[in-house]
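What follows is calculated from the coordinates using simple rules that are stated; it is not laboratory data. Since this is a predicted model, take the numbers as computed values, not measurements. Neighbour counts run over all protein chains shown; Cβ positions are idealised from the backbone, glycine included.
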2 protein chains.
Amino acid sequence: MDEALAAALPSESHWPPTIHRAVRYSLFAGGKRIRPLLVLAAGEAAGGTAEALMPLACAVEMIHTYSLIHDDLPAMDNDDLRRGKPTSHKVFGEAIAILAGDALLTRAFHLLADAPPAARGDDVRRRLRATAILGEAAGTSGLIGGQVADLEAEGRTDVSLADLERLHRAKTGALLAACVVGGGVLGGAGEADLARLAQYADAIGLAFQVVDDVLDATEGADQLGKTAGKDAAAGKATYVRLMGIDGAREIAARLLREALAAIEPFAERGALLRALAVLIVERHA
Amino acid sequence: MDEALAAALPSESHWPPTIHRAVRYSLFAGGKRIRPLLVLAAGEAAGGTAEALMPLACAVEMIHTYSLIHDDLPAMDNDDLRRGKPTSHKVFGEAIAILAGDALLTRAFHLLADAPPAARGDDVRRRLRATAILGEAAGTSGLIGGQVADLEAEGRTDVSLADLERLHRAKTGALLAACVVGGGVLGGAGEADLARLAQYADAIGLAFQVVDDVLDATEGADQLGKTAGKDAAAGKATYVRLMGIDGAREIAARLLREALAAIEPFAERGALLRALAVLIVERHA
């Protein structure tokens, strides 16, 4: 995956070098690559080749990384540490950090559009559909809308469970779902299989966030590679605050069962999707 | 054009409303719509329909607007005024301004990918190619690279004419060229016509920046709708500083002649392209 990502970017010697250094600094900062793995798992469950899936796998990791860089900015969450390393704006300054995020977002869509000239009509059509799915997930009803709602919820004590679900569905769930459904589209899945993948994606998207909240409340900074207990300190609404640690863990376990049930019809082809769902719910950082 | 742009965006009542207000504030702030007009002019010269061209026409204006919002941020050029109105971060705060830029960039690519389901193979292929052209122009070898180079050139006195051309070719020229060539692609132009359009685009792209420098040195803030004489105050390398006002005007006139010569073979179909080239060089703000 790291090789594919490196090949999808201009080298650090390209003009102007600063921006390429900043882009690589964040993209190769030890991310777990869960999103690209979801693309490959869903695409292979649908019968697609790694070659057809790789542009989307790279694109989703670029978009995830851009969102982290921008979320960490002083004007947003003002984080100094990400995955145990100083954040982009701490190393390169705010201007370059903003532009590095812009560059990753732009490159993600550029990559998806750069179809090989010999691509068949079907491939081109699937490529365009996957790009539209990613655009929706990264936009104001997904990633960006979720970040806006998150900023606006900070310090408020009247955030309901429904508000919280909507926020996280947008901020975390939408991109995870785009990985799964977009991977299915590129892999050539039919509409019935796409509906199953969407159900799976909804469940793991929410589970991902619930587990995040539990980890923020239970693990130390060493484990997380970022400031721990930050949600409570910021007065953020979390699943843990609303239902306690045990209640949140129960929700995560229920969501895992739902995700696994949705992809049962894939049988053997769903092995990687099943493993990823378990990994997401049982991770410790 | 404003109607098409408004229809391409979620309404202000969509969740979360703040971001949609911010996006519309900047997108409808009195821009001259030169880039969408270039898309339509080039596409119609190639025989395309307005319907096929409109997604790109909207996308280029969104990308232009995103780049203005981010360039104006305190961490970048720190501008309080744009087109005579307070800049986005002055009205909505830095966090929302950054996210409004992100939203416009994302929506631009999303819009291009959202082909009507009945689109023929040819349309889909052209759509993908135009998206790739736009991605290249908006990326680190275009818009973003130009902004990085611009930030790094600030206050330096050893910037050569070659450095300056490279900077502006990236920061201004690349997107203008993508409008023209992308419009040609969507309009169905053959490779020979695309080469003519690229030549035209190169000339007007550079002319655009030269005229910008002349206006910054000769017009008042009332005319420009932004702080005047800012380049000189910031110690920026400009064509005017390197060759004087008359020298810069001569270059602009030469570039206009080159642009018009390149599209001579279009004859009548090139009328709108010719008018836009003249408009760009003879504008007063």
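What nm value, rounded to one decimal, do you get for the distance between residue A:264 and residue A:192 when each label is placed 7 Å out toward the C-beta?
1.5 nm
What whole-number distance in Å separates the alpha-carbon centres of region B:39-70 and region A:249-285?
If we compute the Cα centre of each part, the gap is 43 Å.
Between copies, how far does the label point of residue B:122 sit from its twins, in nm, shortest first, when each point is 7 Å from Cα along Cα→Cβ?
Nearest first, the other copies' label points are 2.3 nm away.
In debye, nearest 20, what is the charge dipole magnitude of the protein assembly as shown about its Cα centre with +1 on Lys and Arg Cβ and -1 on Asp and Glu Cβ, if you could check?
Magnitude of the dipole: close to 560 debye.
If the label for residue B:90 sits 7 angstrom from Cα along the Cα-to-Cβ line, what are its distances to the same label in every other copy, in nm to one decimal, shortest first?
Result for residue B:90, in nm, nearest copy first: 3.4.
May I ask for the net charge around residue B:243, where only other residues with Cβ less than 13 Å from the Cβ of residue B:243 are counted and Lys, Arg are +1 while Asp, Glu are -1? Can you show the working numbers first?
Numbers: positive: B:241, B:249, B:254; negative: B:165, B:213, B:246, B:250.
Overall, the nearby charge balance is -1.
To the nearest 20 debye, what charge dipole does chain A have about its Cα centre, counting +1 at the Cβ of each Lys and Arg and -1 at the Cβ of each Asp and Glu?
Working: 30 positive and 38 negative charges, 83 e Å.
So the dipole magnitude of chain A works out to roughly 400 debye.
Using just the helices of chain A, give the 222 nm mean residue ellipticity in deg cm²/dmol: DSSP H runs with n ≥ 4 each add -39,500 (n - 2.57), and the total is spread over all residues, rounded to 500. Spell out each step's value before the answer.
Numbers: 15 runs with 199 residues, N = 285.
Per the formula, -22000 deg cm²/dmol.
Quote the Stokes-Einstein diffusion coefficient, in whole µm² s⁻¹, for the protein assembly as shown, based on the Kirkwood radius over alpha carbon pairs, a temperature of 10 °C and a viscosity of 1.306 mPa s.
Numbers: Rh = 24.5 Å.
Here the translational diffusion coefficient equals 65 µm²/s.
Specify the inter-centroid distance of region B:102-181 and region A:110-180, based on alpha-carbon positions, in whole Å.
22 Å
What residue among B:73, B:149, B:131 has its Cα farthest toward the positive end of the dipole of chain B, where the charges are +1 on Lys, Arg and -1 on Asp, Glu, each on the Cβ?
Selected residue: B:131.
Tell me the label-point distance for the pair residue A:12, residue B:123, using the 7 Å Cα-to-Cβ offset, in nm and rounded to one decimal.
Going from the residue A:12 label point to the residue B:123 one covers 4.6 nm.
Provide B:66, B:200 in ascending order of the number of other Cβ atoms located within 10 Å of each residue's Cβ, fewest first. Before the final figure, lay out the partial values.
On the way: B:66 27, B:200 31.
Listed from fewest to most nearby Cβ atoms, that is B:66, B:200.
What residue among A:49, B:9, A:205 has its Cα farthest toward the positive end of the dipole of the protein assembly as shown, where the charges are +1 on Lys, Arg and -1 on Asp, Glu, each on the Cβ?
Sorting the options by dipole projection puts first A:49.
A 26 angstrom limit on the alpha carbon distance is what I want to check against. Which of A:171/B:85; B:171/B:236; A:85/B:236; A:85/B:90 exceed it? Please report the intermediate quantities before stating the final value.
Numbers: A:171/B:85 31 Å; B:171/B:236 14 Å; A:85/B:236 35 Å; A:85/B:90 32 Å.
Exceeds cut-off: A:171/B:85; A:85/B:236; A:85/B:90.
Dividing the convex hull volume of the Cα atoms of region B:2-282 by its residue count, what figure in Å³ per residue is obtained? Walk me through the numbers on the way to the answer.
Values: hull volume 33.6 nm³, N = 281.
Normalising the Cα hull of region B:2-282 by residue number yields 120 Å³.
Label points 7 Å out from Cα along the Cβ direction at residue B:21 and residue B:160: separation in nm?
Result for the modelled spin labels: 5.1 nm.
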